[in-house]
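None of the figures in this text is laboratory data; all of them are computed from the coordinates on show. Being a predicted model, the structure only gives us computed values, none of them experimental. Here the Cβ positions follow ideal geometry from the backbone for every residue, glycine too, while neighbour counts run over all protein chains shown.
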Amino acid sequence: MTNPLGSQQRPLRAAMIGSGPSGFYAAENLLHTKDMQVQVDMFEKLPAPFGLVRYGVAPDHPKIKNVTKIYEKVAEQKGFQFLGNVEVGRNISVDELRQFYDVIIFATGAEKDRKLGILGEDLPGCHTATEFVGWYNGHPDFREEIFDLSQPIVAIIGQGNVALDVARILGKSVDELKNTDIARHALEALAESKVKEIHIFGRRGPAQAAFTPVEIREFAEFADCNCIVKPQDLELNESSRKELEDPDNAVRKKNYEILLQLSQKKHEPKKRQIIFHFLKSPVEICGAKHLDKIIFEKNILVGNPGEQKARGSGEREEIRCDLLFKSVGYRGIPIKGLPFHDQWGIIPNQHGRVADSEQIYSGLYAVGWIKRGPTGVIGTNKPDAEETVKMIMEDLPHLRPCKTPDTEALKKLLQRYEIRVVSFADWKKIDAAEIERGKESGKPREKFVKVSGMLGAI
Ligand SMILES: Cc1cc2nc3c(=O)[nH]c(=O)nc-3n(C[C@H](O)[C@H](O)[C@H](O)COP(=O)(O)OP(=O)(O)OC[C@H]3O[C@@H](n4cnc5c(N)ncnc54)[C@H](O)[C@@H]3O)c2cc1C
């Protein structure tokens, strides 16, 4: 008789694809499941773990990155292995992995930007927030990006927290950034920045803005940059007023109060300005060979409280600018061998079980942004991971055990493919080397921005 999956003799073997928050919360959950023996092997395409905590969270928000200490504790647990520098779908296929694992959990995040869907958005001078964020955070894929910061006017489309991150990094002085873990190349380029005006556009009104109070509050405090919110832009229609009275909208109410305070602020002249615009949608991005202006349509809000939609008023205005960052949401990247919901940019699933309209894909699961889309903060991935692990436990009696329950055999296969697998101990060496490199410039770390640099530090 064969040993049941999860028993001492035959631990459940889980491949976690992705090492961001959702991957670590799901791993922690699996390893802590009562009366279950589990082996979690976490695959990460980069040699460095932690996903957007390392490559998304802004460098001037170091406290948020402390969450990695929790993930390190998970990585130290018996039954956990990190296999960095392995991209699933490219270096090894999902089918191949199935031979070594009873379940595969996709925690691959949402790495691509949504498009605006308007004319001109791919003109030179137009960038995605992902490119800029990856660049200042030292992501190897974005090291070579070039942003023309010799331009005085920059537009940012979108008003979520990521758009605010982009505005803050552009608006802050070098002194405010130099002791963070911002990539050296970015700090050097920002030191030469000639940017004077940073315009942030939202299609809805100030009562519907998608940022959070902690993020917007910071805009009152920059050393060399004023934040301009025009009082007339804060006038609300009846439905918006009602929305803010709803106790469920406490966050939005707080946002609105902070915007009101910002609008009443008296400003000393400073080097830069960040200017908020509400109720404006871009309709065309113009330029012969390079972006030189954006045409917006003014919107009005229509509908009942809580259901208001932005509708074009027909009135247009334009802004001249040479640099644009689009920050209107993210979508996942399809992985060969898995279904993909193209419209939502996620792996289709039922509470974490990979499933399309025709079938449930036994043994395959999703968690985090690739499961639910790019919403919520780091902590939101915790309950999300609990749900996925619950589905795995419910399915356990019906799972087909893999043929080769052996990580060493898998590693041999990767070796044959000439993949240099990075272990967690290897990563700790990269980590230590980065911290050491940061010391001379008073930074918490100086990241390696090339994969070869990371591998060289091991
Ligand atoms: C710019 C930005 C700033 C943010 N700032 C904050 C903040 O300040 N505070 C906060 O609470 N939340 C913040 N968030 C949200 C938070 O980062 C997300 O909630 C969280 O990272 C989502 O976790 P995830 O594990 O689903 O995805 P991710 O963190 O994106 O992790 C996915 C991982 O999978 C890896 N991967 C992808 N494909 C493969 C593959 N085929 N094979 C192997 N590995 C693969 C990626 O390299 C990555 O490491 C921010 C998000 C962004 C975009």
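Rounded to the nearest 10 degrees, the inclination of helix 21-31 to the longest alpha-carbon principal axis of the chain is 30 degrees. For the range 207-214, putting each phi into the Karplus relation 6.51 cos²θ - 1.76 cosθ + 1.60 with θ = phi - 60° gives couplings of 7, 10, 4, 8, 6, 10, x, 4 Hz, in residue order, rounded to whole numbers and with x for Gly and Pro.
Taking the Cβ-Cβ separation of Arg320 and Ile360 as r and a Förster radius of 60 Å, what is the calculated FRET efficiency to the nearest 0.05? Walk me through the intermediate numbers first.
Details: r = 53 Å, r/R0 = 0.88.
E(calc), rounded to 0.05, equals 0.70.
So how do 26-35, 298-307 stack up, highest first, on mean other-Cβ count within 10 Å? Could the numbers behind the result be given before it?
Working: 26-35: 18.9, 298-307: 14.0.
Peptide ranking by packing, descending: 26-35, 298-307.
Annotation for Arg10 and Arg241: the two label points, set 7 Å from Cα along the Cα-Cβ direction, are 6.8 nm apart. Between Val251 and His341, the modelled labels are 2.0 nm apart [label points 7 Å from Cα along Cα→Cβ]. A dipole drawn for the chain from +1 and -1 charges on Cβ atoms has a positive end, and of Ala433, Ala155, Val302 the residue lying farthest that way is Ala433.
Stretched out fully, how many nm does the piece from Asp141 to Asn179 gain, at 0.36 nm a residue minus the Cα gap? Each step should come with its number before you reach the end.
Values: separation 38, 0.36 × 38 = 13.68 nm, distance 2.35 nm.
This chain segment gains 11.3 nm when fully extended.
Distance between the 7 Å Cα→Cβ label points at Asp148 and Gln415: 5.2 nm. Helix 161-171 and the longest principal axis of the C-alpha atoms of the chain enclose an angle of approximately 60°.
Quick one: net charge of Lys265's neighbours, Cβ under 13 Å, K/R +1, D/E -1? Each step should come with its number before you reach the end.
Values: positive: Arg217, Lys230, Lys266, Lys270; negative: Glu221, Glu268.
Net local charge, Lys265 excluded: +2.
Computed over the chain, the per-residue total of -39500 (n - 2.57) for DSSP H runs of n ≥ 4 gives a 222 nm mean residue ellipticity of -8500 deg cm²/dmol, rounded to 500.
The GluC sites (Glu not before Pro) found in the range 240-270 include none that occupy coil by DSSP while having at most 11 further C-beta atoms within 10 Å.
Annotation: for a label point projected 7 angstrom from Cα along Cα→Cβ of Leu455, residues of the range 68-87 with backbone N closer than 17 Å are 83-87.
Grab the other residues whose beta carbon is less than 11 angstrom from that of Lys326, score K and R as +1, D and E as -1, and report the net.
Working: positive: Arg114, Lys115; negative: Asp113, Glu121, Asp122, Glu131.
Residues near Lys326 contribute -2 overall.
How big is the gap, in Å, between the Cα center of the range 290-312 and the Cα center of the range 174-251? The distance from the Cα centre of the range 290-312 to that of the range 174-251 comes to 19 Å. As a rough guide to protection, the peptides 135-147, 441-453 ranked by mean Cβ packing within 10 Å, highest first, stand as 135-147, 441-453.
Calculate the dipole size of the chain relative to its Cα centre from +1 charges on Lys and Arg beta carbons and -1 charges on Asp and Glu beta carbons; express the result in debye to the nearest 20. Spell out each step's value before the answer.
On the way: 66 positive and 65 negative charges, 82 e Å.
For the chain, the charge dipole is close to 400 debye.
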